[in-house]
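Asker: I have a structure here, written as structure tokens, and I will follow up with some questions on it.
No value in this document is a laboratory result; all are computed from the given coordinates. A quick note: this is a predicted structure, and the numbers were derived from the prediction, not measured. Ideal geometry is used to build each Cβ from the backbone, glycine not excepted, and the neighbour counts take in all protein chains shown.
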Amino acid sequence: MPLFMYGLSHKSAPLEVRERLAFDGQRVGPALADLRACAGVHEAALISTCNRTEVYTVLDAPSRSNVVPHWLADCRGVDPAWLSPYLYIHRDTEMVRHLLRVAPGLDSLVLGEPQICGQTKRAYTEAMNAGTLGQVLARLFQHAFAVSKQVRSETGIGANPVSVAFAAVSLARQILGDISGYTALLIGAGETMELTARHLYEQGMRRFIVANRNLQRARELASRYHGQAVDLAALPTHLEQADVVIASTGSQVPVLGKGSVEQAVRCRKRRPIFMVDIAVPRDIEPQVGELDDVYLYTVDDLQAVIQGNVRSRQDAAKHAEAIINLQVERFHQWLRSLDSVPVIRRYRERGIAHRDALLDRAKRRLRCGDDPEAVMECLAHTLTNRLMHEPTTRLREASQNGRADMLDNGRLLLGLDSRED
């Protein structure tokens, strides 16, 4: 069965396109179930992050491949013709290679960033829970996790702290200089915000406000850095205290609007606010960037910072690509082995049927008082003849028909060394 993947990423689509195609966690399961119900789709998984949306499928025929982009466009409420220029497609070997590069961060905005492996594992779990993983995709994702671990342990791809969170903090230092005396407002309390808080703390920042819809999670993050936790609804009342605002939530709509920021700027008496919105879809209304004394950056604006940090990982990436090439072939060896499963099953079933029939006959003879040694000899002789009859008949016919190639294959298949002839 053919493997197909359709996707878009920071390489193929701008932020305003990516945010329209993003799936929040609650929508992934129902979306996968809907895709699995489409004609010709046997297996499906979906990776959706701030920098990519990718749909991995196993189809029953190549002619079904158009099902995926049309489903994606319909699911996100966009015109397929509008979406098409931003999509890329990988099939079979290239799909395998792509996922094996995605998991260790070789295809990320930040080369080698570690968060993508966790996001890939989450995609695997979501597909498993939705019941849309089968033998092939389950094996592929597990293989990708193992390869990611190998890449990170055998290369220096993750040696330096390079990530979107690190880039955001680096940009804050470039704009503001020494940040130790400033106050940070973190909007969100997920993995990216945890990493951001750690980088800010390492750079000397000691005053933190964490705003999150789940107040308990905000408290957990804030407590690690002796900060204050607030409910997301109270965000506008705390905004004026913030010199640095970094946002990353899973909201499908902005959580911070122009009016709230405008009011905060007035209260701050024109003291500037540095903001980085690393969420997709965006957490901060784009119009906020039009305000005086507000410096608003998005995830795409971090490219320049990231490129300066990524050079140290490029040599490690070359080694990682060699690992990927080898592991792509190993997965395809396993995939090709699936073709033999039905043949092996039928051959074993035939052998077991012969065994059971002859064993029943032998037991009946023993119950009738026949000599046990004679019964065992008859069982062994008859079973051997039945198992060998079909292969020897085919080999004899091949010889009579001049099929030397079949004879050679027979020797290989039966484990016979030609030197023993």
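Asker: Give me the net charge for the shell around ARG270: Cβ to Cβ below 15 angstrom, other residues only, Lys and Arg +1, Asp and Glu -1. Intermediate results must be reported in sequence, preceding the final value.
Answerer: Working: positive: ARG266, ARG268, LYS269, ARG271; negative: GLU240, ASP243, GLU262, ASP292, ASP293.
Charge balance in the 15 Å sphere: -1.
Asker: Another question, then. Under 8 Å for C-alpha pairs, at least 6 residues apart: give me the relative contact order for the chain, rounded to a whole percent. Working shown, then result.
Answerer: Working: 612 pairs, mean separation 57.1, N = 421.
RCO, the chain: 14 percent.
Asker: Mind checking which lysines have their Cα closer than 27 Å to the Cα of LYS149? Skip sequence neighbours fewer than 8 apart in that chain.
Answerer: Partners found: LYS11, LYS121, LYS318.
Asker: Just how far, in whole angstrom, is the range 351-366 from the range 128-173 if you go by their alpha carbon centroids?
Answerer: 54
Asker: How many angstrom lie between the Cα centre of the range 193-234 and the Cα centre of the range 271-305?
Answerer: Going from one Cα centre to the other spans 19 Å.
Asker: Can you give me the relative contact order of the range 344-411 as a percent, contacts being Cα pairs under 8 Å and 6 or more apart? Walk me through the intermediate numbers first.
Answerer: On the way: 22 pairs, mean separation 17.5, N = 68.
The normalised contact order for the range 344-411 reaches 26 percent.
Asker: Under the rule a/c < 1.5 gives rounded, and otherwise a/b versus b/c splits prolate from oblate, where does the range 3-154 land using the Cα gyration tensor?
Answerer: Values: a/c = 1.56, a/b = 1.20, b/c = 1.30.
The shape class here is oblate.
Asker: Let me ask you something else. Antiparallel as a % of all DSSP beta bridges within the chain, to the nearest 5? Spell out each step's value before the answer.
Answerer: Details: 18 of 41 bridges.
In the chain, approximately 45 percent of DSSP beta bridges are antiparallel ones.
Asker: Next question. Distances over 34 Å make up what percent of all Cα-Cα pairs in the chain?
Answerer: On the way: 42733 of 88410 pairs.
Here the tail beyond 34 Å accounts for 48 percent of pairs.
Asker: Would you list, by chain and number, the lysines whose Cα falls below 28 Å from the Cα of LYS269, excluding same-chain residues fewer than 8 positions away?
Answerer: Straight-distance partners of LYS269: LYS258.
Asker: If packing is taken as the average number of other Cβ atoms within 10 Å across a peptide's residues, how do 89-95, 371-377, 2-8 rank, most packed first?
Answerer: On the way: 89-95: 16.1, 371-377: 11.4, 2-8: 21.9.
The densest-packed peptide leads the list: 2-8, 89-95, 371-377.
Asker: Here's a follow-up. First select every other residue whose beta carbon is under 14 angstrom from the beta carbon of PRO342; then total the charges, Lys and Arg +1, Asp and Glu -1. Mind dumping the intermediate values first?
Answerer: Details: positive: ARG336, ARG345, ARG346, ARG348, ARG350; negative: ASP339, GLU349.
For residues surrounding PRO342, the net value is +3.
Asker: By counting other Cβ atoms within 10 Å of each Cβ, how are HIS381, HIS98 ranked from fewest to most?
Answerer: On the way: HIS381 11, HIS98 22.
Fewest-to-most Cβ neighbours within 10 Å comes out as HIS381, HIS98.
Asker: Select from ARG350, ARG122, ARG198 the residue whose mean-square fluctuation is largest in a Gaussian network model of the chain (Cα-Cα springs shorter than 10 Å).
Answerer: Answer for the Gaussian network model of the chain: ARG350.
Asker: Going by Cα centres, the range 325-340 and the range 34-79 are how many Å apart?
Answerer: Cα centres, the range 325-340 to the range 34-79: 24 Å.
Asker: Still on this structure, please answer the following. Rounded to the nearest 500 deg cm²/dmol, what is the calculated helix-only ellipticity per residue at 222 nm for the chain, with -39500 (n - 2.57) per DSSP H run of length n ≥ 4?
Answerer: It comes out at -17000 deg cm²/dmol, rounded to the nearest 500.
Asker: What residue among LEU100, LEU359, LEU215 has the largest mean-square fluctuation in a Gaussian network model of the chain, using Cα springs under 10 Å?
Answerer: Ranking LEU100, LEU359, LEU215 by mean-square fluctuation puts LEU359 first.
Asker: Now, a different point. Once the principal axes of the Cα atoms of the range 316-421 are found, what is the range along each, listed largest first in whole angstroms?
Answerer: Computed over the range 316-421, the largest-to-smallest principal extents equal 75, 37, 25 Å.
Asker: What percent do you get for the relative contact order of the range 164-310 when only Cα pairs under 8 Å and 6+ apart count? Please report the intermediate quantities before stating the final value.
Answerer: Working: 275 pairs, mean separation 33.3, N = 147.
With pairs under 8 Å counted, the relative contact order is 23 percent.
Asker: Next up: Among 323-330, 173-180, what's the highest-first ranking by average C-beta atoms within 10 angstrom per residue?
Answerer: Answer by packing, highest mean first, reads 323-330, 173-180.
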